[in-house]
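Where a number appears in this text, it was derived from the coordinates with a stated rule and is not lab data. Note that this is a predicted model, so its numbers are computed, not measured. Cβ placement follows ideal geometry from the backbone for every residue including glycine, while neighbour counts extend to all protein chains displayed.
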Ligand code: AMP
């Protein structure tokens, strides 16, 4: 079976790593000839919306997907006229604009932080009064990993933040003093079967995911309620594949932050920490194979390597540590790889995490 992936980053790479044992072949479209998925399949070097490259991809592949939510949704819509594209480009369209996304999910019954659209400094002043400060000013489009955001703490922050971001449509949202950030990862197949992995608890640094931990946690009543909403949304969109939903847990509520219509960094722990990984289940869903078991096989802690990789060999000496190098050139703020610790119980996980932390601290890494 031939799988086309628009985007050749680490998510495409890990999809291919999961799909090769299932007998799948991979074809990527990416403007970067050195993109990190390239060694795992054939690569067409072209822009994500290059009509010729997408036409050839549709012709060659049984199904196409994407590894990046900023792939132009219109290009995916055109691609879906030529072949099967999963998940639906409509999910991309919703997730690419924070205002559309928030309107859609509040309409679907989710609780969200207060928000207002901002197109001028006047709007911002009015929005700040309605939403209150502190608040976060974000670009509506093309933001990821905390890019295109400013925290506003005081009225004097409004103008400089607007100056910094203001040439694009913006959104102001209330700053949430959350207890923790959690994500829910779901997979839906074309027949409407939906499965959830256990929630993951995420820690971000400078807007970039730093760690995710998960395990065989029992779903709380709140989570069961949120799962119900997620299921309805996925059914409504006739969504096929993996989707990730990020929430701020305030203690009283889970407020939706955003949805990613793809496999997600907070689900990397599933590679070794769940019976079936997010990557394998995404491929199973989009190719019509039966979905795999999403249960956790132990307690997991995933840690991203951002900007720099630590000493691989020293890390591998730790029990239960799994290493992932994305084969990317190091650059500040760039995700270069991750490691996942898996243990049978929380005590062992905490002990190994502590050892890893000591090792990293000694090398000047942020812990
Ligand atoms: P985003 O790109 O919207 O996912 O934001 C990246 C990270 O910035 C989030 O995971 C949070 O840690 C933080 N953040 C974003 N929006 C808010 C908010 N409204 N209140 C508090 N923290 C936020």
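Strictly greater than 21 Å: what percent of every Cα pair in region 180-362 meets that? Value for region 180-362: 50 percent of Cα pairs lie more than 21 Å apart. Based on Cα atoms of region 102-142, Rg over Rh with Rh as the Kirkwood radius reads 0.99. Dividing the convex hull volume of the alpha carbon atoms of the chain by its residue count gives 141 Å³ per residue. Stokes-Einstein diffusion for region 166-242, with the hydrodynamic radius set to the Kirkwood value over Cα pairs and evaluated at 25 °C in a medium of 0.890 mPa s, equals 166 µm²/s. In whole percents, the pair-distance distribution calculated for region 10-159 from its alpha-carbon pairs, binned every 5 Å from zero, is 2, 8, 14, 16, 15, 11, 9, 9, 8, 5, 2, 0. Its residues counted as N, region 114-174 yields a C-alpha radius of gyration over 2.2 N^0.38 Å of 0.95.
Over the residues of the chain, the helix contribution to mean residue ellipticity at 222 nm works out to -9500 deg cm²/dmol, using -39500 (n - 2.57) for each DSSP H run of at least 4.
Only Cα pairs under 8 Å and 6+ residues apart enter the sum, and on that basis the relative contact order of region 116-181 stands at 45 percent.
Inter-label distance, residue 344 to residue 293: 1.7 nm, where each label sits 7 Å from its Cα along the C-beta direction. The equivalent ellipsoid of region 2-85 has semi-axes of 18, 14, 11 Å, largest first, where each one is the square root of 5 times an eigenvalue of the Cα gyration tensor.
Under 11 Å from a point placed 7 Å out from the Cα of residue 252 along the Cα-to-Cβ direction: which residues of region 82-125 have their backbone N that close? Answer for this model: none. Beta bridges assigned by DSSP with both partners in the chain are antiparallel in approximately 80 percent of cases.
Cβ crowding within 10 Å, taken as a proxy for footprinting-reagent exposure, orders 331, 227, 98 from fewest neighbours to most as 331, 227, 98. Computed from the Cα positions only, the extents of region 64-116 along the three principal axes stand at 39, 18, 16 Å, in decreasing order.
Across the chain, the relative contact order, built from alpha-carbon pairs under 8 Å that are at least six residues apart, equals 13 percent. Label point of residue 133 set 7 angstrom out along Cα-Cβ; within region 147-164, amide nitrogens under 18 Å from it belong to 149-164. Applying D = kT/(6 pi eta Rh) to region 222-287, where Rh is the Kirkwood radius over alpha-carbon pairs, T corresponds to 10 °C and eta to 1.306 mPa s, the Stokes-Einstein value obtained is 123 µm²/s. Computed packing ranks the peptides 103-114, 256-267, 336-347 as 256-267, 336-347, 103-114, most packed first, by mean other Cβ atoms within 10 Å. Pairs of Cα atoms nearer than 8 Å and 6+ residues apart set the relative contact order; for region 1-87 it is 33 percent.
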